[in-house]
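One structure below.
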Amino acid sequence: MCSYIENSGLGPQIESSDALDLWNRSWFSTNQFLLEVIFHNRMTKYKCLTNELTLVSAIFVPYYAGLDLRYLWGFNTFMRDSSGLDLVKWLAGKPELKRMQGEDRFLISGRIARDFRRQSNRKSDWGSNFRFLPESEKMSMLTIESGSWKYDFAVPYPTYFHPSTDTDDFQWQELMRIQNRPFLFSFVGAPRSRHKGLIRSEIIRQRQASNNLCNLVDCGSIGDKCDNPVNLMKLFQSSVFYLQPLRDSLTRRSTFDSILSSCIPLFFHSGSVFISPKKLRLGKARINQTLLQGSKDEELAMREEVIRLIPRIIYADSRSRFETVEDAFDLVKGIPKRIETLRKVILTEFVHLAIYFDHQSMQLPPCVLALSQQCGGTFSFQSQFMPSG
């Protein structure tokens, strides 16, 4: 993982001799689990940091929860839970940060929300119990896939594209509008024979009978084709649709890589407007025939909608700043607003108890940064809870 720490968590810069200059300045081999590092670096440059506790509206806790799950495999539950317990113990020792029972705190994770909600102490069970700890359960967590929990909020997976300027972003969007797409659909993955009921085997079978309408990258074969950013982006850019069958979680990184390439993602779970997975498994639906039924105007309209999403699913290079475009990081603006709403409710509930708080007597810890309420509030805590090694 060490090489992926380069460039403020974006990873090693990609150089490609057969691509546009955009490859050489805006593209990086980014690991999705480094989202916490990427986000933390952006937070340190947030425009409204303050050290005045009376002006703070939200507290950012840079605990690298996803990276800490390096203990996910082969370790007992005590090891998996230890860093989270250390964090909440440290927070509990800061009386100046005990406002709102933790509801004014938020953190980021490069893993899905359920990885932190293990419900038993059996070693065979997945993940940690961090989000079930009383001291952390009311923190807001920004995570690459949330779920139905009240305090979890979904943010995009990091892609390989991290532009430095608005112009880089606009140029990429325009390039995707005119991109030649010889393949009707594409798929990246491997058969999973041990898992019954999955449709990926049928997708791969239909690809073989699609008369070159499908572009397939088989991740079960030898080589690093599925880990090569240049190869993957070329695949998405050459396809009209990208097939997104259900995996371990509802989404995956390739969902956002396909959006970045304005390759229209096709989902098979409930609510999909295209192809029923049940009919596909029974051989009653053909992918290519279904997709070819749509008109060219419908295809162009869908692609334009996907292109419109591109700025909001990318994380710009934290070493620069967009002038007019809002990227995925700007989703954080909703957190201080939500916390301010909660604070007003709490103040209303307590006003009849005549509880008085001497704001002037409270000082922030020297390691803390914060934002004023006018722009949203943020603290940045000590790095002792970030995994080492």
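The values are calculated or read from the model by the stated rules, or taken from the named source; none is laboratory data. Predicted, not measured: the structure shown is a model, and the values here were computed from it. Here the Cβ is made from the backbone with ideal geometry for all residues, glycine too, and neighbour counts use every protein chain on show. Ligands, DNA and RNA are excluded from the accessible area calculation, which covers all protein heavy atoms including side chains. Shrake-Rupley method; radii C 1.70, N 1.55, O 1.52, S 1.80 Å.
Please get the size of the charge dipole for the range 120-173, origin at its Cα centre, with Cβ charges of +1 on Lys and Arg and -1 on Asp and Glu, quoted in debye to the nearest 20.
460 debye
Highest first, please rank the peptides 98-104, 260-266 by the mean number of other Cβ atoms sitting within 10 Å of their residues.
Ranking the peptides 98-104, 260-266 by packing returns 260-266, 98-104.
Relative contact order for the range 2-158: what percent, with Cα pairs under 8 Å and sequence separation of 6 or more?
Worked out over the range 2-158, it gives 20 percent.
How would 148, 210 line up by accessible area, probe 1.4 Å, largest first?
Per-residue accessible area, sorted high to low, gives 148, 210.
To the nearest 0.05, what FRET efficiency results for residue 85 and residue 2 with a Förster distance of 30 Å applied to their C-beta separation? Before the final figure, lay out each step's value.
Details: r = 26 Å, r/R0 = 0.88.
The formula returns an efficiency of 0.70 here.
Please give the contour-minus-distance gain from residue 218 to residue 330: 0.36 nm per residue of separation, less the Cα-Cα distance, rounded to one decimal in nm.
36.8 nm
Rounded if a/c is under 1.5, else prolate if a/b is larger than b/c, else oblate: which is the range 109-229, with a ≥ b ≥ c the root eigenvalues of its Cα gyration tensor? It would help to have the intermediate numbers written out before the result.
Values: a/c = 2.85, a/b = 1.36, b/c = 2.09.
Here the range 109-229 falls in the oblate category.
Using a 1.4 Å probe on the protein chains only, how many percent of the accessible area of the range 110-211 belongs to carbon and sulfur?
On the way: 2390 of 4900 Å².
Accessible surface attributable to carbon and sulfur in the range 110-211 totals 49 percent.
Taking the full set of protein chains and a 1.4 angstrom probe, give the accessible area of residue 123 in square angstrom, rounded to the nearest 10.
Answer for residue 123: close to 130 Å² accessible.
Could you pull the accessible area for residue 202 with a 1.4 Å probe, rounded to 10 Å²?
Its accessible surface works out to 30 Å², give or take rounding.
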